[in-house]
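Below: the structure, in structure tokens.
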Amino acid sequence: MVRSPLLALALIAPLAARADEPSDARKVVDRAIEAVGGPAKLKDLTGGVWKTNGTVRGNPSKADFHGELPGKFRLDSTRAVNGEVVKTSRIVNGDKGWVVEGDKVTPMTEAEIAGVKASFYHKQAATTLVPLTEKGVELSVAGKPTLDGGPATQVKVVKSGFPDLLLTFDDKTGLLVRSEMTDKDAKTRADRKVEIEWREYKEFDGVKMASKSKTFHDGKLFIDTEITEFKGAKGLPEGTFTPNKR
């Protein structure tokens, strides 16, 4: 049976049109991006400084976080442990990383660097959302759970070189309310489930962010924190991502 070229085009055209349409998962992500400020603002958010206040393993903690895409991070924290003040910096610059405690600088192992990168990828994707729209990222709807009595949508995120993410969005507001991944514990190398609850969105420097979050490791509360200040920046001062003294 011979079909005419026009008939063949008529059959193919609807399929091509459907292939170009955003997937249901992409629509959920696009809506969330609009809800927190829109793609133009978020794409300019290539760096910034966060100040937080909260607890780590139940101990009071204050932290300053510096980040600059694609792979520079610095977390300076001050915690009270057994009545003593402990100051620690964790720094990653590309494929290098260090832990700074007082005047002591210890290079991170490959496993520690991989763990830090996985953690920051998780938080960056959840905070700015724009990385979810980049090439090489696969999105799919993973479920339609009920959240706090209302409907929600779960989106699975797959990116080569990083743990898969499962993001839960509130259908009413469009906002991300929960994220999770499974990574490796840097010390034991055992699988570890990391879940973060995102809540109380507020505007910081022109974009909305969850001002409060709770992080759980294998179901146990690890970090309970609140953003007290955020400032976006396209470039941070030279030396920010080197193990210099604070």
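The values are calculated or read from the model by the stated rules, or taken from the named source; none is laboratory data. None of the values given here were measured: they were computed from a predicted structure. Neighbour counts are summed over all protein chains in view; Cβ atoms, including those assigned to glycine, are modelled from backbone coordinates with ideal geometry.
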Problem - Count - residues of the range 132-143 that are within 19 Å of W198 (Cβ to Cβ) and either free of Cβ contacts under 8 Å to residues at least 24 places away in the same chain or of a type in the set (D, E, K, R) (or both) - result: 1
Completion exercise
Being among the acidic types (D, E) and under 19 Å from the mean Cα position of the chain (by Cα) narrows D148, D185 down to just D185
Practice task
Give the range 138-185 a look and list any residue that's farther than 18 Å from K27 by Cα, of a type in the set (D, E, K, R) and assigned to a loop (DSSP other than H, G, I, E, B), or say none.
Solution key: D148, D164, D185
Practice task
May I ask you to verify whether K187 is basic (K, R) and under 30 Å from K104 (Cβ atoms)?
Solution key: yes
Completion exercise
By residue number, the members of the range 74-104 that are out of contact with any Ser or Thr (no Cβ under 9 Å at 6 or more places or on another chain) and surrounded by 12 or more Cβ atoms within 10 Å (Cβ to Cβ) are V81, V92, K96
Exercise for the section: Would you mind stating whether D218 is under 13 Å from the mean Cα position of the chain (by Cα), surrounded by fewer than 18 Cβ atoms within 10 Å (Cβ to Cβ) and free of Cβ contacts under 8 Å to residues at least 40 places away in the same chain? Expected result: no
Problem - Enumeration of residues in the range 23-46 that are of a type in the set (A, V, I, L, M, F, W, C), part of a helix (DSSP H, G or I) and touching a residue at least 40 places away in the same chain (Cβ under 8 Å) - result: A25, V28, V29, A32, I33, A35, V36, L42
Exercise for the section: State which residue is surrounded by the most Cβ atoms within 10 Å (Cβ to Cβ) when the search covers only the range 40-60 and only residues that are hydroxyl-bearing (S, T, Y) and at pLDDT 90 or above. Expected result: T52
Practice task
Pick out the one residue from D218, D183, D191, D170 that is in contact with a helix residue (DSSP H, G or I) (Cβ under 6 Å, 6 or more places away or on another chain) and among the acidic types (D, E).
Solution key: D183
